[in-house]
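Peer 1: Dropping a structure here in structure tokens format, bear with me for questions.
Every read-out reported here was derived from the displayed coordinates using simple, explicitly stated rules and does not represent laboratory data. Owing to the predicted nature of the structure, the values given are computational and were not obtained by experimental measurement. Using ideal geometry, Cβ is built from the backbone for each residue, glycine included, and neighbour counts are taken over all protein chains shown.
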Amino acid sequence: MLYSSTENDLFASDYFTTMIALVLLAIVSVVMLYISSEQLKKNKILYQEILEKQKIMEENQAGLLTNMSENISKITKEAIENRNNILKNSNDKSLEYILSEVIETENTLLDRTNDLIEFLKLKSKKIKITNEFFNLNNVLNEISGSLSSTFKSDNGVELIYDIDNEIPRFLIGDSLHLGQVLYNLLEFSMLQTLEGEVRLKVLMFKTFEDKTELQFQIIDTGAGIESNKIDTIFDPHYNKEKGEYMGLGLFVAHELVELMGGELMVESVLGKGSTFTVVLPLQVSDPANRRKYRLPEKILTTKKVFIVDSSYNSSLAIKKMFAYFKHDVKVCPKSQFEKEMPSLDRYDIIVMDEDLFTPKVIKYISSLKEKRGEYDLKVLGLGSIFNPIENELADSVIERRLKKPLNQERIFELIIELYRLDVVQKIPGDIENPTDSNGVAKTIKGPMSETPDITREHFSEFSGNSLLIVEDNLINQKVLTNILGKSGIDIELANNGEEAVVKVTTGKKKFDLVLMDINMPIMDGYTATQQIRDTGAFDDLPIVSFTALVLDSEVEKMYKAGINAFLDKPLNIGKLYTVFKIYMNKKQPVEPQKFRSSSLSLPPKVDAINIKKGIKHTNGNEALYMELLNEFNNTYKNSDELFEKLLKEHRYEQIKMLCLDMKGLAGAIGADDMYQKVEEIHKLFIYNDQQLLGGYLNDYKLEIKRLGDSINNYLNENKYS
């Protein structure tokens with residue numbers, strides 16, 4: 001077939017185009033293959049980095065447990081040595097200082113044990129999230145009370161609660177774990193901040209699904225966090241150089257926030273401070289009620305308020321709380337006030353840092369009070385919950401002392417109290433000079449005294465009495481019931497105030513005493529006590545608060561609600577005995593020599609557990625020790641099955657992690673034989689003899705079963721439940 005010249009040209013052109021396209025396709029294919037190859041290499045490197053990070057994290061957590069066990073032993077030894085120093089230096093002028101050091105050491109030991117329990121609960125996925133009605137102000141008050149017992153009075157850091165006016169008074173969520181998260185984050189920020197301030201800022205947002213989210217921001221002016229440590233800030237580890245645990249509280253906070261369906265993020269600038277942001281989905285209990293705090297009389301609104309504080313940010317936060325009630329608020333910087341004191345004639349309420357009450361200022365305010373009258377001018381002294389020292393010069397002119405940090409509810413109650421409106425239910429009878437002659441339970445104001453040398457056995461003196469424990473924290477419930485388990489006291493439990501009201505007012509049982517927690521979901525201790533008193537049928541029932549709330553205003557609120565006495569947390573069995581002695585019918589006491597210290601009466605060893613050693617590690621708190629044993633058993637009783645599975649899959653690194661976990665925990669609970677066994681297994685990794693692991697599987701199975709049986713026997717003998 002013959003083609004024309006034109007057709008030949010077209011054919012040549014198509015052929016040339018096709019060849020170019022094929023060449024280009026080949027080049028693109030080669031390039032794509034190269035890119036894919038490089039991407040594959042990068043993915044492998046990234047995967048290896050993830051594995052390395054996971055390995056480091058697991059090693060840190062395992063090392064944490066091992067070192068925690070060693071540190072608990074070290075702290076225990078320090079506590080015993082300090083006690084001995086007190087005995088040797090009983091006439092020393094520094095006795096009070098030594099005593100404070102012992103208390104601090106023992107509190108540290110208690111914190112370490114609680115850390116272990118919480119860590120075990122998270123590892124065994126035993127944490128349950130609840131959604132219940134609660135008062136956010138009670139959560140914040142309990143946090144500040146707990147922080148005040150952690151940090152000494154010489155701490156110069158300002159703690160500020162900066163709460164948006166739209167934040168509801170009552171919410172639905174998990175108040176117990178919310179409080180734990182905020183406490184852990186605030187504690188970390190306080191430790192990082194040597195001077196300046198730590199601010200908790202609370203905001204509320206509506207999501208696109210019309211749901212409510214609360215944002216809690218903890219902002220500090222502390223040392224900040226190095227950028228290369230931000231990614232691992234929530235991974236717990238032990239710092240050998242400092243001899244301290246790093247990040248355990250942050251790890252617990254992060255895990256709890258995730259369990260509650262929220263997010264926890266951190267931003268930090270080295271040398272300037274850090275910001276932790278928690279976003280949590282929470283429900284508003286009464287969305288239709290826009291005014292969360294309603295003053296009972298219109299006359300209490302539109303007051304003129306003057307505020308001057310050492311921290312300007314604190315002044316602004318307090319201003320926001322007074323402005324909520326339509327008060328006209330003026331904030332004056334402290335430096336300006338000290339330079340030239342302004343005229344205060346026009347103000348109804350003066351809120352002033354206690355340090356500013358000089359003789360000159362007191363004289364001026366006294367003249368204003370004489371001119372205007374006590375009712376027309378209210379003067380408040382501002383102090384910190386971390387500093388118990390008060391300016392006695394100010395006593396002549398101030399109506400109230402306010403301990404920061406403040407919240408909206410405290411300002412609400414303060415305004416009512418300042419103008420003496422009888423809104424809060426008063427307890428029956430004369431609380432200043434209480435007697436039993438009118439059938440009203442005796443009221444004891446002030447700190448509860450401690451009866452010395454009390455053991456669990458002493459509580460058998462109150463056998464036959466009936467006790468209601470109102471407490472939402474399961475560990476606190478178990479500690480109390482285990483201390484009193486063999487006393488012969490008839491004990492009932494209520495998980496919140498609502499249950500307590502039902503048990504007291506409608507139940508068949510007549511209680512001799514009620515131990516009432518204050519910060520609880522559904523119904524708090526204030527409301528529960530008021531409702532019990534309002535019936536008029538239980539004026540003779542003693543109700544004693546058992547709480548971490550320690551501010552004078554909070555304790556006074558308890559008395560006004562109908563509480564008869566105040567017992568602070570953590571539990572002191574000497575003070576608990578004093579409460580029982582005051583309010584319960586006491587049997588003839590057993591001869592003193594028949595009582596022995598609980599540590600001496602304990603068997604030295606129950607098969608696989610050194611009981612005395614384990615209890616010594618919890619500062620002699622057998623109830624807390626039993627809780628630790630129970631959590632250990634729940635988490636690791638089937639660890640032999642995990643050992644065998646890992647062995648079959650040749651996952652030797654995970655077996656190493658298991659051994660390190662077990663080594664740390666076994667040392668903490670006094671399981672010496674198990675400690676020795678896992679130490680032998682761990683040495684195989686040191687000498688690179690992993691091929692011998694199979695020979696230890698049966699030994700591990702036998703020892704973990706023996707340990708589990710020993711724990712169960714000990715807990716059953718002591719009626720742990």
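Peer 1: Measuring from label point to label point, each 7 Å out along Cα→Cβ, what is the V502 to D345 span in nm?
Peer 2: 6.2
Peer 1: Ranked highest first by the average count of other Cβ atoms within 10 Å around their residues, in what order do 671-681, 499-509, 179-189, 518-528 fall?
Peer 2: Order by mean packing, descending: 518-528, 179-189, 671-681, 499-509.
Peer 1: With a/c under 1.5 counting as rounded, go ahead and sort the range 133-187 into rounded, prolate or oblate using the C-alpha gyration tensor (a ≥ b ≥ c being the square roots of the eigenvalues; past the cut-off, prolate if a/b is larger than b/c, else oblate).
Peer 2: Verdict is prolate for the range 133-187.
Peer 1: Further, regarding this structure: Using a cut-off of 12 Å between beta-carbons, work out the net charge of the residues near Y364 (Lys and Arg +1, Asp and Glu -1, Y364 not included). The partial results should precede the final answer.
Peer 2: Working: positive: K360, K363, K369, K371; negative: D345, E370.
In short, +2.
Peer 1: Right, something else. Net charge within 10 Å of E492 by Cβ-Cβ distance, Lys/Arg positive one each and Asp/Glu negative one each, not counting E492 itself?
Peer 2: 0
Peer 1: Related question: Classify the range 456-595: rounded, prolate or oblate, from the alpha-carbon gyration tensor (a ≥ b ≥ c, eigenvalue square roots; a/c under 1.5 rounded; otherwise prolate if a/b is larger than b/c)? Let's see the in-between values first.
Peer 2: Numbers: a/c = 1.70, a/b = 1.47, b/c = 1.16.
Note, shape of the range 456-595 comes out prolate.
Peer 1: Please compare each pair in K486/K612; K478/K683; K363/K445 to a cut-off of 31 Å on the Cα-Cα distance and tell me which ones are over it. Write down the numbers at each step before the final one.
Peer 2: Working: K486/K612 19 Å; K478/K683 38 Å; K363/K445 33 Å.
In this structure, K478/K683; K363/K445 exceed 31 Å between Cα atoms.
Peer 1: I would also like to ask the following. Name the shape class, rounded, prolate or oblate, that the alpha-carbon gyration tensor gives for the range 298-418, where a ≥ b ≥ c are the square roots of its eigenvalues, rounded holds for a/c under 1.5, and otherwise prolate holds if a/b is larger than b/c and oblate otherwise.
Peer 2: rounded
Peer 1: Now for a different question. Take peptides 400-407, 140-147 and line them up by average Cβ neighbours within 10 Å, highest first, as a rough protection proxy. Mind dumping the intermediate values first?
Peer 2: Values: 400-407: 21.5, 140-147: 23.5.
Going by the mean number of other Cβ atoms within 10 Å, highest first, we get 140-147, 400-407.
Peer 1: So, one more: Looking at this model, which pairs from K128/K229; K403/K557; K360/K403; K648/K705 are more than 26 angstrom apart at the alpha-carbon?
Peer 2: K128/K229
Peer 1: Could you rank the peptides 630-639, 469-478, 451-460 by their average count of other C-beta atoms within 10 Å per residue, with the highest value first?
Peer 2: Ranking, from highest mean packing down: 469-478, 630-639, 451-460.
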